[in-house]
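The values are calculated or read from the model by the stated rules, or taken from the named source; none is laboratory data. Owing to the predicted nature of the structure, the values given are computational and were not obtained by experimental measurement. Here the Cβ positions follow ideal geometry from the backbone for every residue, glycine too, while neighbour counts run over all protein chains shown. Side chains are part of the model used for accessible areas, which takes the heavy atoms of the whole protein and leaves out ligands, DNA and RNA. Shrake-Rupley method; radii C 1.70, N 1.55, O 1.52, S 1.80 Å.
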Amino acid sequence: MEGDLATTGQLDLALLCDDEGNSVRITVLGPLLGVSGGLAAEIVVDTPFVAGRLDLSLWRSRLNAWSEALDRLEAGEDVAWLHVQRGPSVFINLTGERDCPEVIVEDDLVSMATVRVPIDLPVDWIAAQRRLLSVVLGAWNDHLSSE
C-alpha cells in the first residue's frame, strides 16, 4: 500500500479560478510526514497582483468539513472552512465586494496576512469542486485517519 501512496502524486482538492488570472488552489501533496493518517497539502493564491502559498495539513475530518462547506455553498450560504482550527482559514463569500464570489485566505498563525481574491466562478463550480474532492477521497481513503 505504501508504494501506492508514493505514486498517487499531487491532486487538487479545490480549484477556484477565472479567466482574469485569479485563482485559489488547494493541492494535496502526499502523506503528512510523521503524522499517521494525515495528508500534506498547500493553499496557492495566484493573481496578477499577489501570489503566495501556505502549508496545510488535512485529515478526514477536514475533508468532511469541506464537503459540508460545499453543501452550504450550494444552498446559497457563505462558508468559513478551517476557521476555528490551527493553521490557515479559507472563507468563500458568494457575493463579495466586487459583486462576484470571493475567496479569503487568512494565515493568522504564521504570516499574519489575509488575502481577498475576487473570482468570477463558472456556473458549475460547486459540482467541479465535488468531483475534485471525490478524486482525493478515492485516492487517499485507505490512508486517512478517522479523525
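Brief remarks follow.
- Which numbered condition I43 fails, given (1) in a strand (DSSP E or B); (2) open to solvent by 20 Å² or more (accessible area, probe 1.4 Å); (3) under 19 Å from L11 (Cβ atoms); (4) of a type in the set (A, V, I, L, M, F, W, C): (2)
- Selection from the range 127-147 of residues that are open to solvent by 20 Å² or more (accessible area, probe 1.4 Å) and assigned to a helix (DSSP H, G or I): A127, A128, R130, R131, L132, S134, V135, L137, G138, A139
- Looking only at the range 96-112, and only at residues there that are touching a Leu at 6+ places or on another chain (Cβ under 9 Å), among the aliphatic types (A, V, I, L, M) and assigned to a strand (DSSP E or B), the one that is nearest to L54 (Cα to Cα): V105
- Any chance D124 is without any contact (Cβ under 8 Å) to a residue 12 or more places away in the chain and open to solvent by 40 Å² or more (accessible area, probe 1.4 Å): yes
- Counting the residues of the range 19-29 that are modelled with pLDDT of 95 or more, out of contact with any Pro (no Cβ under 8 Å at 6 or more places or on another chain) and either in a loop (DSSP other than H, G, I, E, B) or open to solvent by less than 40 Å² (accessible area, probe 1.4 Å) (or both) gives 5.
- Scanning the range 46-64 for residues that are touching a residue at least 12 places away in the same chain (Cβ under 8 Å), part of a helix (DSSP H, G or I) and surrounded by fewer than 18 Cβ atoms within 10 Å (Cβ to Cβ) returns a single hit, S61.
- In the range 70-86, the count of residues that are assigned to a loop (DSSP other than H, G, I, E, B), modelled with pLDDT under 95 and out of contact with any strand residue (DSSP E or B) (no Cβ under 9 Å at 6 or more places or on another chain) is one or more.
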